[in-house]
Amino acid sequence: MLTLIQNADLYRPEPAGKKDLLIAGQTIVNIDDRIEAPAAWDIDVIDAAGGIVCPGFVDLHVHLLGGGGEGGFATRTPEIVFSRITAAGVTTVVGCLGTDDVSRRPETLLAKARQLEAEGISARIYTGSYQFPLATITGSVRKDVALIDMVIGVGEIAVSDHRSSAPTLDELCRAAAEARVGGMIGKKAGLVHLHMGNGKGGLDPVFRIVEETDIPIGQFLPTHVNRSTRLFDQALAFARAGGNIDLTVMGESLDFGRGTADALDRALSAGVDWGRISLSSDSNGSMPIFDEKGSLVRLAVADISSLYDEFRRLVDCGFPLADVLALVTENPARRVGLADRKGGLFVGADADLLLLDPELAIDTVIARGRVMVRDGTAVVKGTFEEDSVCS
Ligand SMILES: [Zn+2]
């Protein structure tokens, strides 16, 4: 199957100007100023008509099985639905468990990731959950990362959070060392993905590990670091020291006013390397909604479309398009060790891409060479979604 996209304003994510792009099977095989399709070819030609073509989004923090459950079984959030992922422009997800590793297990998460792959996007997972002892598939983080194709690291391990298992420094060190060595053996990122809570210590335990052990700072990726200015200040110091940080989509917030836009402004002022920052949705995790007095009103579910909404908001706030794209494509792909095929438009990359209209609305989504969204509508549904045909 061949697909030719013509007249695209190409962002790799860095701007590349007017280009044509040819897809064969699941791979980008040519990018050039002009690619002519011989009439004899059986080829799907898409005229981008001056629209923008960019890499599909890589969301490195998605509760594929749902999350929550901290308020009793009624507060368990639902599994993600395939076409919601593609409709949001996301072509690669990395799944995690959360607080509840009693009723949700890494084996189930792996199965869900395999389902999403079978349905047509790309999926990876972290082994483990919030808690120690870490929930694993083989009995060891090291073996999970080394031997199971879809496992790229461990997480999200909760740190400085009342819902954590109050991990000791030794426990965190051991988990990081296991992920690192497993990653070396299996040629994976071996990432240690840390859920940062609002607790007293903030990133202190991670700073201590980096200072007192030989585990490199780049092994860790703390997320939700924009949940408070106090934590974010630590995160900026962490990034300036050579660490990577992940921000969670949050809309507007008490601490940051314009939300992520203000957080990013602060990161730029602090001289943080943009390449060290990624943005993720926390999709299908539970999202407590508080009233102005701080009392819990209800629990909502984070939606994966929030990543695209935040992308639009940041561009509207004046951040350059290529820079905002990097936060949701190239940078997260690098973090999870997939940048040789994901997060960028180059020959040899997987054909995961978006066609955006001049107003940046999603027109077309292609995942692994297959059109998933056309004219803004998901044309491929998950196996048990309405209107789908199960073959
Ligand atoms: Zn989390």
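Summary table
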item	result
Phi-based couplings in Hz for segment 92-104 (Karplus 6.51, -1.76, 1.60; Gly and Pro marked x)	9, 10, 10, x, 9, 7, x, 5, 8, 10, 7, 9, 10
Nearest-ten-degree value, helix 260-269 long axis tilted from longest Cα axis of the chain	80
Summed side-chain charge close to D303 - residues other than D303 whose Cβ falls under 12 Å, Lys, Arg +1, Asp, Glu -1	-3
³J(HN,Hα) computed for each position of segment 122-128 - Karplus, 6.51 cos²θ - 1.76 cosθ + 1.60, integer Hz, glycine/proline x	10, 9, 9, 9, 9, 7, x
Relative contact order of segment 100-245, pairs being alpha-carbon contacts under 8 Å that are 6 or more residues apart, as %	18
Most fluctuating residue given options S305, S164, S295, as computed from a GNM of the chain linking Cα atoms under 10 Å	S295
Cα-based convex hull, segment 82-172, per residue volume (Å³, whole number)	106
V102 paired with V315, simple spin-label distance in nm, labels 7 Å along Cα-to-beta-carbon	4.5
Cα pair distances of segment 289-331 binned at 5 Å [whole percent]	5, 19, 19, 14, 12, 14, 12, 5
Label-point separation, E79 to I35 (7 Å along Cα→Cβ), nm	3.5
Choice from E292, E70, E310 with maximal GNM fluctuation in the chain (Cα, 10 Å cutoff)	E292
Neighbour-count order for K381, K18, fewest beta carbons within 10 angstrom listed first	K18, K381
Cα-based Rg of segment 197-242 normalised by 2.2 N^0.38 Å, two decimals	1.09
Cut-off under 5 Å, modelled amide H: who pairs with G66 long-range	I80
Cut-off of 10 Å, at most 14 other beta carbons, DSSP loop: longest stretch of the chain lacking such chymotrypsin sites (Phe, Trp or Tyr not before Pro)	42-345
Cleavage-rule hits, trypsin sites (Lys or Arg not before Pro), segment 107-190, DSSP coil, Cβ neighbours within 10 Å at most 16	R163, K187
Candidates G201, G186, G318, ranked by Gaussian network fluctuation over the chain, Cα under 10 Å, top entry	G318
Scattering curve values for segment 1-138, log₁₀ I(q)/I(0), Debye with Cα scatterers, q = 0.11, 0.13, 0.18, 0.20 Å⁻¹	-0.56, -0.69, -0.97, -1.11
Filtered GluC sites (Glu not before Pro), segment 163-272: DSSP coil and at most 15 other beta carbons within 10 Å	E252
Value of relative contact order over the chain, rounded to a whole percent, pairs C-alpha under 8 Å and six or more apart	20
Dimensionless Rg/Rh of the chain - Kirkwood Rh, Rg from C-alpha atoms	0.96
Projected label distance in nm at D204 and E171, using a 7 Å step from Cα toward the beta-carbon	1.7
Size-normalised alpha-carbon gyration radius of segment 51-127, reference 2.2 N^0.38 Å	1.15
5 Å-binned pair-distance histogram of segment 221-374 (Cα, whole percent)	2, 8, 16, 21, 20, 15, 10, 6, 2, 0, 0
FRET efficiency estimate (nearest 0.05) - Cβ-Cβ, F384 to V181, R0 56 angstrom	0.90
When each of K112/K143; K19/K381; K143/K200; K143/K381; K19/K188; K19/K342 is checked by Cα-Cα distance, pairs over 27 Å	K19/K381; K143/K200; K143/K381; K19/K188
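No value in this document is a laboratory result; all are computed from the given coordinates. A quick note: this is a predicted structure, and the numbers were derived from the prediction, not measured. Note that we place each Cβ from the backbone using ideal geometry, even for glycine, and neighbour counts take in every protein chain shown.
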